[in-house]
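Only one structure is covered here, and it is reproduced in the block below.
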């Protein structure tokens, strides 16, 4: 795959326009062709479903016969999928949906500009999938503090963990600290079995999941053991100063004003702090105690701090998540 990725995408694809609005995309490499098609042509079938277009495969080519506008849309999607395969060596279902996203396939966005925001981790390469995600990744690199708010599935935690991990592996920082408030979401900690760590671990599980998605399990465990990666409840952060660190507070909608202020003031030399949360999912007994939105309002004017507001258009999970988020947002007063 490394040899494939060394060449420009145009070295692998040839486009042939015929009469009756037929476009053929001819692949010059069989591995790339198979990767774009997917097992049992599942990638192409999913693309057909999304675009409501008939796509035909024969030999080493893909053919589309609709109108000129749709032909170009499918062409952009195929090029996008081929580029993703060259970068990652595989495709996921979410890549198929991204292939028809205007931000991802807009040719006015220079390809080198996209690569600028590429996050390369040992297990996969991560690319921002919306304009706000691109701004978020830029802020994670350039700002001392980033505060983001938005619905589930917008990549707030995953992108922050990915950037933090690359900085750790490149030795730009010495430690990653991942934290969440251990606030009960309709269930009580006391009813969970085990000691305090075992009781708290379920609240921190999404942070572990992001790490395991980006680096092998054994390597993550080793870095946790030696202290390169620390995962701890928010309450354990009081009184500390974080130097040469990348600290992420997740689920910050469940942190109070005082707790967020405490976390922010842990920042030390050569450190970054990221605060993420979803204001629509506050589990505090008194929702007005949530400090996430207030922190954005109080600190947003400081040049060293970047604030980002995500919405349903930035959701990168199953395509239904975006529709669910939007439906609840449109009917929040019902």
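The values are calculated or read from the model by the stated rules, or taken from the named source; none is laboratory data. What you see is a predicted model, and the numbers here were worked out from it, not measured in a lab. Quick reminder, even Gly has a Cβ in these numbers, built from the backbone with ideal geometry, and neighbours come from all protein chains shown.
Miscellaneous remarks
- Only a single criterion out of (1) in contact (Cβ under 8 Å) with a residue 60 or more places away in the chain; (2) farther than 21 Å from residue 136 by Cα is not satisfied by residue 275, namely (2).
- Residues of the range 16-66 that turn out to be outside any helix (DSSP H, G or I) and under 25 Å from the mean Cα position of the chain (by Cα), as a count: 1
- Residues located in the range 130-172, provided they are surrounded by fewer than 22 Cβ atoms within 10 Å (Cβ to Cβ), in contact (Cβ under 8 Å) with a residue 24 or more places away in the chain and in a loop (DSSP other than H, G, I, E, B): 130, 143, 144, 152, 153
- Residue count for the range 12-43, restricted to those that are over 19 Å from residue 87 (Cα atoms) and buried (at least 18 other Cβ atoms within 10 Å of the Cβ): 2.
- Meets criteria (without any contact (Cβ under 8 Å) to a residue 24 or more places away in the chain and part of a helix (DSSP H, G or I)) for residue 83: no
- Residue 123 modelled with pLDDT under 95 and within 26 Å of residue 75 (Cβ to Cβ): no
- Failed item, numbered, when residue 69 is tested on (1) in contact with a strand residue (DSSP E or B) (Cβ under 6 Å, 6 or more places away or on another chain); (2) loosely packed, with under 13 Cβ neighbours inside 10 Å; (3) in a helix (DSSP H, G or I): (1)
- Hey, residue 293 in contact (Cβ under 8 Å) with a residue 60 or more places away in the chain and within 23 Å of residue 330 (Cα to Cα) or not: yes
- Residue match in the range 178-192 (condition: at pLDDT below 90, assigned by TED's automatic domain parsing to the domain that holds residue 279, assigned to a loop (DSSP other than H, G, I, E, B) and touching a strand residue (DSSP E or B) at 6+ places or on another chain (Cβ under 8 Å)): yes
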